[in-house]
Amino acid sequence: MAEQSSGGSGVEFQIEGPEVTRAFVIHPDLKTRAGAKGGWRDAQAKLNEAVGLSLAIGLEIAAAIIVPLASISPGAYFGTGKVAQLGEQIEDAEADIVIMNGQLSPAQQRNLERAWKVKVLDRTGLILEIFGRRANTREGTLQVELAHLNYQKSRLVRSWTHLERQRGGAGFMGGPGETQLEADRRIIQDRIARLKKQLDQVVRTRTLHRESRAKVPYPVVALVGYTNAGKSTLFNRLTSAEVLAKDLLFATLDPTMRQIELPRGRKIILSDTVGFISDLPTTLVAAFRATLEEVLAADVILHVRDIAHPESDEQAGDVMAVLKDLGVSKEAREEIIEVWNKIDLLDADHRAALTAEASDAARVVPVSAVTGEGVDKLLIRIEAALAEHNPVFRIELSPEDGAQLAWVYGHGEVLDRKDTDDGRTMLTARFDARYAGAAAKQLGSRLKPVSDA
């Protein structure tokens, strides 16, 4: 069997040789929520997502079931009879770990582990395990550790076998009578404080980077979307990069940024971000705020949707809810461009219907990141979105205005150019709003605003 640690935030799985950890996946279908506002997701789709999350950390699925539930028991989540019945199923399946697709209190988790005699991991713990494996940069590692410790802090009671011991001491080690549990909690709290200081530095560094980019004139276009919607595949298609793009939930965790050129020659910075998911643990949203602030600073947000997924609309609602929680304004959310990805997976009739629907929507572009279909139209749409609020000018330059001509090409988007027989150059150019003032200083009377942009 796979080796398991005793950490309070979950299990570190180290697969050795051909043996794997067998998981029994449970989706509790709480029937009392059936009439909740916005409807209740299809239980089978939620179970499938939990299975996908489990596969993302290399678990072998021993069994996956839906358990109808009228109400949640505060002691062990399920009633006594159901706990016993599930225990028999878990034993028959020879499972090493139970994945509960819901949030468990520390007491519920502890009681289920005692009853079933296997490790139990809830949805938050499972997502933390995935994030722990996906983080590659120092920033990502710090963010994951912070979320891990905040989760672990409330679960220390189940993680130690020596909590009843008392120990004496002096100074920072604690005075006489301090329990091991109290000492462990204090150690974790100290580590959390240190991590927050380190992440504060990350935020300051990232802010400096954004300020540096603001001086360049390279607008930022951020990709957001539900996990496994195809953001990284699209990012690779647009940038010719080699970001990890697999059919796995949370295949990408650390933010990636690349410079690309739009059809008219304007350069932008494209940013790939961590995928969102329903019921994303609040500890993770808080921990990854520094990374997700890139979305807040973006000039254009592309919402990549897996349009072939049966719950595409529900997933889109989850993404918009997270963006709202992050502080993305209502106005900015209304200007988001929806990228309907994976149209290559649709049958002919469904594809034709969605294409017709998209043609009537100003901010929707159907694409296939795998085949490249629709990507050229997406680039044109990005260009148009960036230009929507930017002023357009007519510029007349004489033959000796070579420096000014170079400045216009370097800082604006030239929409039209005519060279006259007497050597003058007539330009129509659009400038980012940040550079309209600089253009006026640089070009003076040569610059005339176009009233109809």
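One table, with the values for the structure above:
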quantity: Debye log10 I(q)/I(0) for the stretch 22-129, one point scatterer per Cα, at q = 0.12 Å⁻¹; calculated: -0.37
quantity: Computed E for R204/H389 - FRET, C-beta separation, R0 45 angstrom, nearest 0.05; calculated: 0.95
quantity: Over 31 Å between alpha carbons, listed pairs K117/K342; K197/K324; K231/K267; calculated: K117/K342
quantity: The stretch 322-381: translational diffusion in µm²/s, Stokes-Einstein, Kirkwood Rh over Cα pairs, 25 °C, 0.890 mPa s; calculated: 193 µm²/s
quantity: Compactness index (Cα Rg / 2.2 N^0.38 Å), the stretch 392-449; calculated: 1.01
quantity: Selection from T80, I97, L53, by position along the positive dipole direction of the stretch 22-129 (Cβ); calculated: T80
quantity: Taking W407, W116 and counting other C-beta atoms within 10 Å, the order from fewest to most; calculated: W407, W116
quantity: Among 122-133, 96-107, 357-368, 315-326, the order from most to least packed when residues are scored by Cβ within 10 Å on average; calculated: 122-133, 96-107, 315-326, 357-368
quantity: For the stretch 301-325 versus the stretch 327-395, the gap between their alpha-carbon centres in whole angstrom; calculated: 14 Å
quantity: Modelled FRET efficiency - R0 30 Å, T239 with D344, Cβ distances, 0.05 increments; calculated: 0.90
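None of the figures in this text is laboratory data; all of them are computed from the coordinates on show. These figures come from a predicted structure and were not determined experimentally. Cβ coordinates were reconstructed from backbone atoms using ideal geometry, including for glycine residues, and neighbour counts include every protein chain displayed.
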